[in-house]
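Okay, structure first, notes after.
The values are calculated or read from the model by the stated rules, or taken from the named source; none is laboratory data. Quick caveat, the model's predicted, so the values are computed rather than measured. All Cβ positions, glycine included, derive from the backbone under ideal geometry; neighbour counts span all protein chains shown.
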Amino acid sequence: MNVTVIGTGYVGLIAACCLANSGHQITGVEKNLTKLTMLQQRQSPIYEEGLVEILTKVIDNGSIKFTDDLALAISTTDLVIIAVGTPSLSDDRVDLSQIFAVAETITALATRPLTVVMKSTVPPGTGKMLIDRYFSQCSQEISYVSNPEFLREGRAVWDWYNTDRIIIGTHNQKAANQLNELYADLAAPKVHMDVTSAEMVKYASNAFLATKISFINEIANLCEYVGADIDAVAPAVGMDNRIGKQFLNAGLGYGGSCFPKDTKGLRFIASYYGYPFSVLKAVMEVNSAQKIRGMRKLLTALDNNLYNKRIALLGLSFKPGTDDTRESPGLDIAEMLISEGALVQACDPLALASAKTLLHSEQITFHEAPYQAVAGCQAIILATEWPEFTHLDWQKIKNSMQAPYVLLDGRNAIPKESIKNLGFHYLSFGRQTD
Ligand SMILES: NC(=O)c1ccc[n+]([C@@H]2O[C@H](COP(=O)([O-])OP(=O)(O)OC[C@H]3O[C@@H](n4cnc5c(N)ncnc54)[C@H](O)[C@@H]3O)[C@@H](O)[C@H]2O)c1
């Protein structure tokens with residue numbers, strides 16, 4: 001099929017490359033000229049394991065090209081996938097301006113019947129509104145499909161090929177058949193439903209995963225009071241198939257480009273309809289409080305005074321395997337440390353460039369190597385559980401630090417055995433270390 005993908009960010013670029021790899025003819029449309037130039041020079045603007053290999057392959061075999069000319073792209077296309085950003089506004093509403101701009105352009109420029117596939121995460125009801133406001137006004141017939149994306153950054157290529165389900169939200173049979181053909185080589189079940197239900201599946205999924213994280217954080221916090229060990233509790237809870245093992249890691253809480261904005265967006269939609277959605281409110285509050293709880297642990301260990309104290313911050317991306325720093329707990333921690341007067345020595349395998357554009361302070365320095373970042377520090381905070389950080393030589397680390405050798409393991413990820421007996425003042429979330 002001839003397919004146009006609008007927006008080549010974390011979702012659009014993976015979709016474009018993987019669909020090209022499946023034999024479709026793809027045009028990726030990108031308005032950011034820096035990203036576009038990189039793509040046209042066979043470079044990926046983002047890091048995802050395995051992406052560069054596919055990108056290079058599909059450029060070389062001619063199944064993908066990149067442009068900023070949307071009109072030209074849709075004049076030769078059967079199907080348009082929208083994968084532009086839908087960030088949060090300051091009042092928690094979802095900012096749909098990028099979606100509206102694209103919908104308006106498609107409506108104005110379509111010269112042949114099109115199927116428009118929404119891969120961006122948009123609030124329930126958006127598809128209907130786009131059809132009413134834009135696509136029904138088009139001179140050409142436009143079929144609309146909600147097809148939310150569930151990939152995880154850091155595992156995005158793997159997730160594309162191993163997704164649990166493909167949601168196809170449309171009542172238009174011809175469009176549904178096109179989507180079946182688009183994803184013909186993926187083994188996942190194709191689940192058909194109406195547009196608004198498909199939109200809700202995405203929000204409900206992310207809200208549920210965020211709930212699991214906040215729930216296990218509450219249990220970990222309670223473990224500290226009652227003397228239980230979250231390392232024993234969480235895996236045993238997860239062994240129940242009704243619950244499942246994933247997303248039961250206690251720590252500083254979730255971040256990233258999706259969970260924070262999608263929980264806020266869903267709560268806004270709920271409140272718009274006068275529905276309180278109390279569980280979601282609590283999930284968000286617990287998540288914010290978890291970072292503060294971590295900071296309080298650190299402050300207590302450093303005599304309630306961080307002024308002029310050197311603190312190493314390991315991890316600036318919101319999770320391992322990505323260079324994405326959007327809503328990263330590591331960045332929030334950096335800002336809290338700076339406001340307390342600490343001297344922050346930050347390190348990350350992939351996210352330094354992005355973090356440098358966001359953190360502007362004379363109190364922070366950026367380091368490529370973790371052993372360099374920890375030198376002379378009184379405390380270390382592990383904010384992202386990169387393997388590069390969890391398997392360090394902790395004796396060597398301690399030798400280059402200063403007393404009182406505080407180690408706040410914000411992800412409960414450092415092997416307990418490595419730090420036991422080394423003399424660290426080890427802080428975690430609900431873990432027994434004695
Ligand atoms: N990042 C994830 O892990 C993830 C997972 C599932 C769903 N989503 C959803 O997918 C959507 C995209 O997320 P993302 O992380 O890829 O965003 P992103 O910001 O990385 O990418 C969006 C891209 O669209 C481009 N763009 C915007 N308007 C354009 C236009 N008119 N023409 C051409 N290009 C345009 C931007 O320049 C940018 O490169 C969001 O709705 C997000 O919620 C994201």
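Filter the range 270-283 down to residues that are in a helix (DSSP H, G or I) and without any contact (Cβ under 8 Å) to a residue 24 or more places away in the chain and give me whichever is nearest to the chain's Cα centre (by Cα).
Once the filter is applied, the top-ranked residue is LYS281.
Test PHE135 against the stated conditions and say whether it is buried (at least 17 other Cβ atoms within 10 Å of the Cβ), among the aromatic types (Phe, Trp, Tyr) and under 20 Å from MET1 (Cβ atoms).
yes
Consider only pairs whose beta carbons are under 6 Å apart and that are at least six residues apart or on different chains; among these, list those whose first residue lies in the range 220-243 and is without any contact (Cβ under 8 Å) to a residue 60 or more places away in the chain and whose second residue is buried (at least 17 other Cβ atoms within 10 Å of the Cβ).
If the second residue must be buried (at least 17 other Cβ atoms within 10 Å of the Cβ), the pairs left are ALA234/ILE216; ALA234/LEU248; GLY238/LEU248.
Residue check: is SER197 closer than 22 Å to PRO329 by Cβ and of a type in the set (S, T, N, Q)?
Here the answer is no, as SER197 does not meet what is asked.
Being under 22 Å from ALA198 (Cβ atoms) and either in contact with a Pro (Cβ under 7 Å, 6 or more places away or on another chain) or crowded, with 21+ Cβ neighbours inside 10 Å (or both) is the filter here, so list the residues in the range 101-118 that pass it.
VAL102, ALA103, ILE106, LEU114, THR115, VAL116, VAL117, MET118
Please list, ordered by first then second residue, the pairs with beta carbon atoms under 6 Å, 6 or more apart or interchain, first in the range 174-198 and part of a helix (DSSP H, G or I), second of a type in the set (Ser, Thr, Tyr).
As it stands, the answer is ALA175/THR115; ALA175/SER143; ALA176/THR170; GLN178/THR115; VAL195/SER146; ALA198/SER146, since those pairs meet every condition given.
Counting only residues that are touching a Lys or Arg at 6+ places or on another chain (Cβ under 7 Å) and either within 15 Å of LYS261 (Cα to Cα) or within 11 Å of the ligand (Cβ to nearest atom) (or both), how many does the range 314-333 have?
Number of matching residues: 2.
Kindly check whether there is at least one residue in the range 226-247 that is of a type in the set (A, V, I, L, M, F, W, C), within 22 Å of the chain's Cα centre (by Cα), assigned to a loop (DSSP other than H, G, I, E, B) and surrounded by fewer than 20 Cβ atoms within 10 Å (Cβ to Cβ).
Yes: one or more hits.
Name every residue in the range 126-157 that is over 20 Å from the mean Cα position of the chain (by Cα), part of a loop (DSSP other than H, G, I, E, B) and within 15 Å of the ligand (Cβ to nearest atom), in order of residue number.
TYR134
From the list ARG293, ARG326, which residue is in the same structural domain as HIS391 (by TED's automatic domain parsing), modelled with pLDDT of 95 or more and surrounded by fewer than 21 Cβ atoms within 10 Å (Cβ to Cβ)?
Answer to the selection: ARG326.
Only one of these is surrounded by 15 or more Cβ atoms within 10 Å (Cβ to Cβ) and aliphatic (A, V, I, L, M): LEU70, LEU33, LEU89. Name it.
LEU70
Residue under question is GLY430, and the condition is that it be within 12 Å of LYS297 (Cβ to Cβ), in a loop (DSSP other than H, G, I, E, B) and either of a type outside the set (Ser, Thr, Tyr) or out of contact with any strand residue (DSSP E or B) (no Cβ under 6 Å at 6 or more places or on another chain) (or both); does it hold?
yes
Just give me the residues in the range 378-398 being in contact (Cβ under 8 Å) with a residue 60 or more places away in the chain and of a type in the set (Ser, Thr, Tyr), in sequence order.
Once the filter is applied, which keeps residues that are in contact (Cβ under 8 Å) with a residue 60 or more places away in the chain and of a type in the set (Ser, Thr, Tyr), the range 378-398 yields only THR384.
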